[in-house]
1. Exceeding 19 Å between C-alpha atoms, which entries from my cross-link table qualify? They are Lys155/Lys184; Lys75/Lys125; Lys1/Lys184.
2. Label-point separation (nm) for Glu159 and Asn87, each offset 7 Å from Cα along Cα-to-Cβ?
3. Just name one of Leu32, Val111, Leu10: the one whose Cα is farthest towards the positive end of the charge dipole of the chain (beta-carbon charges, Lys/Arg +1, Asp/Glu -1).
4. Could you pull out the trypsin sites (Lys or Arg not before Pro) across region 1-104 that fall in loop regions by DSSP (anything but H, G, I, E, B) with no more than 12 other Cβ atoms inside 10 Å?
5. Quick one: length gained pulling Arg193 to Leu95 fully straight, 0.36 nm per residue minus the C-alpha distance?
6. If I model a spin label at Val41 and Glu181 as a point 7 Å from the Cα along the Cα→Cβ vector, what separation in nanometres do I get?
7. Any idea what the dipole of region 97-208 comes to, in debye rounded to 20, about its Cα centre with Lys/Arg Cβ at +1 and Asp/Glu Cβ at -1?
8. Please give the contour-minus-distance gain from Lys26 to Lys1: 0.36 nm per residue of separation, less the Cα-Cα distance, rounded to one decimal in nm.
Amino acid sequence: KDNDVQIERLELGSFGTNAYIVICQKTGDSLLVDTPDEADVIIDRMQGSNPKYILLTHNHGDHLGALTEVHSSLKVPLAAHALDSGNLSVAPELLFSDGDTVDLGNLKLEVLHTPGHTPGGLCFKVGHYLISGDTIFPGGPGRTRSPANFEQIVKSITEKIFVLPDDTPIYPGHGGFTVLEKEKDEFAVFSSRPHNLGLCGDVLWLSA
């Protein structure tokens, strides 16, 4: 929380998946990032603000359990990347591309397309903060299904995220936050070592 933006993390469902409520401090306008589970909790926590959008970081089921109910209750547009829009229980009203922006009261969110975990994976930058979905976590990238996907997620992280200021707080799709400088330092250790060309799955920078 600062004078401009408040970001609230809700840890929901059996996978401990994070939803984030972003509120413009000046206007009370809000949006929701991801709809993991426990729709009643999400809807309750958004009371008192002015919901404008639901944004999805990607299309995995542990981020979507409450989508239908939350979308029906909040009656606001749903936004996702086109490559992750096909299997959703609700058809998105908005399809994002890299570099798009979202106005929320006095705030402006920047959309970063960061494929690798899924083809249409997105991160959202608001003010000084990054909501990273399952693209990057404390200690490593999101899970990948193939060596090509791992190469892709590393490219996304290095070209889209590591160019942000070192003190950027990162709020991922599971667990607590991290700081960009720590992730860059650990990735530098990873990059200095030889690796199996077949590397993928759950990877940690310091132990891979």
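1. Details: Lys155/Lys184 13 Å; Lys75/Lys125 24 Å; Lys1/Lys184 24 Å.
Flagged as over cut-off: Lys75/Lys125; Lys1/Lys184.
2. Distance between the two pseudo-spin positions: 2.5 nm.
3. Ranked along the dipole, the leading option is Val111.
4. Details: sites: Lys1, Arg9, Lys26, Arg45, Lys52, Lys75; in loops: Lys1, Lys26, Lys75.
Listed in order of number, the matching sites are Lys1, Lys26, Lys75.
5. Numbers: separation 98, 0.36 × 98 = 35.28 nm, distance 3.87 nm.
31.4 nm is the gain from fully extending Arg193 to Leu95.
6. 3.3
7. On the way: 9 positive and 14 negative charges, 53 e Å.
Approximately 260 debye in magnitude.
8. Net length gain for the segment: 7.8 nm.
Here, each number is a calculation from the coordinates, and none is a lab measurement. Note that this is a predicted model, so its numbers are computed, not measured. Cβ atoms come from the backbone with ideal geometry, glycine included; neighbour counts cover every protein chain shown.
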